[in-house]
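In what follows, a single structure is set out as structure tokens and then discussed.
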Amino acid sequence: MRNRRTARIAALTALPAAVALGAAAPALAADSQAYQINLEQLNDSGASGTAMVSLEGTKLTVKIQAEGLTPGAPHAQHIHGSTKGMDFHCPDASADKDGDGIVSTAEGLPAYGDINISLTTGGDTSKDSGLAVDRMPTADKDGKLSYERTLTVSQDVADHFKDLHIVQHGIDVNDNGKYDTDAGKSQLDPKLPLEATAPTNCGMVRGASIGEMPEGGVETGTAATGGGDSAQMMALGGAGVMAAAVGAVVVWRRTGER
Ligand SMILES: [Cu+2]
């Protein structure tokens, strides 16, 4: 009887351990980083979102969930800034040099820097694709946008990712549910309305950083630090699964021994 119970405990213990090892191994690479970036509205757009970004060496995965965007319209989105030690950041209303009430992309450039990576849905991701609106994600009829892509970045970007920030573009100044030229034409491409290219939100990696991933295994104690940060919890997901599974086994054992 006792032997049978011991066997069951062994089986229950082995399964979650295997699951946890499988889930945790990729997240524990020494050169991994993960960040949660809050995208905050610009130009009174009402558009906000969250970007979850992870780096495994030079493999960058970007996941964006945004809302409050111009419905049914493409939204150009980029990683802006420099990896050369420049202090770029998200602009505020003071960047509106011509006083038209809108911080255009051109007016924002001195603050947020040039396009470093174009977050297209497919193909090229260089600055050249910055206005490739046919390869930019489109908001649904409720103004929500969901994006995910994994791409390879330069070692420079991987080394200095904390100096960069994400900007989404496309606003609806007159609130008519589409891009039009009531507010003028884009300074970047006169064929496009200003509304299509003006920044709608921005989020900085710096400040929102959750730091480098822990090096080594879960025995360093990182699993117990929790912290409550959702990005950190996501990053430590593998370890969390194991902790929960071990907890369940302990409860079962106590119940069994009663
Ligand atoms: Cu941009």
Report task. Could you list, in sequence order, all residues of segment 134-147 that are more than 12 Å from the ligand (Cβ to nearest atom) and either closer than 18 Å to Ile79 by Cβ or out of contact with any strand residue (DSSP E or B) (no Cβ under 9 Å at 6 or more places or on another chain) (or both)? Result -> Arg135, Pro137, Lys141, Leu145, Ser146, Tyr147
**Report entry** Members of segment 91-125 found to be within 11 Å of the ligand (Cβ to nearest atom), within 16 Å of the chain's Cα centre (by Cα) and either among the aliphatic types (A, V, I, L, M) or assigned to a loop (DSSP other than H, G, I, E, B) (or both), listed by number
**Finding:** Ile117, Leu119
Report summary line: Expected output for segment 57-84 (first residue of a type in the set (Phe, Trp, Tyr), partner open to solvent by 20 Å² or more (accessible area, probe 1.4 Å) and away from the ligand (no atom under 16 Å from the Cβ), Cβ below 9 Å, 6+ apart or cross-chain) is none
Query raised in the report: What number of residues within segment 168-197 satisfy the criterion of being of a type in the set (S, T, N, Q) and touching a strand residue (DSSP E or B) at 6+ places or on another chain (Cβ under 8 Å)?
Result: 4
Query raised in the report: Quick one: Thr61 ticks every box in (1) surrounded by fewer than 16 Cβ atoms within 10 Å (Cβ to Cβ); (2) modelled with pLDDT under 95; (3) closer than 17 Å to Leu119 by Cα; (4) polar (S, T, N, Q) bar one, so which box is it?
Result: (2)
Query raised in the report: Any chance segment 5-22 includes a residue that's part of a helix (DSSP H, G or I), modelled with pLDDT of 50 or more, farther than 14 Å from Gly203 by Cβ and not hydrophobic (A, V, I, L, M, F, W, C)?
Result: yes
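The values are calculated or read from the model by the stated rules, or taken from the named source; none is laboratory data. Note that the structure is a prediction, hence the values are computed from the model and not measured. Positions of Cβ are backbone-derived with ideal geometry, glycine not excepted, and every protein chain shown enters the neighbour counts. Calculation scope for accessible area: heavy atoms of the full protein, side chains included, ligands and nucleic acids excluded. Shrake-Rupley method; radii C 1.70, N 1.55, O 1.52, S 1.80 Å.
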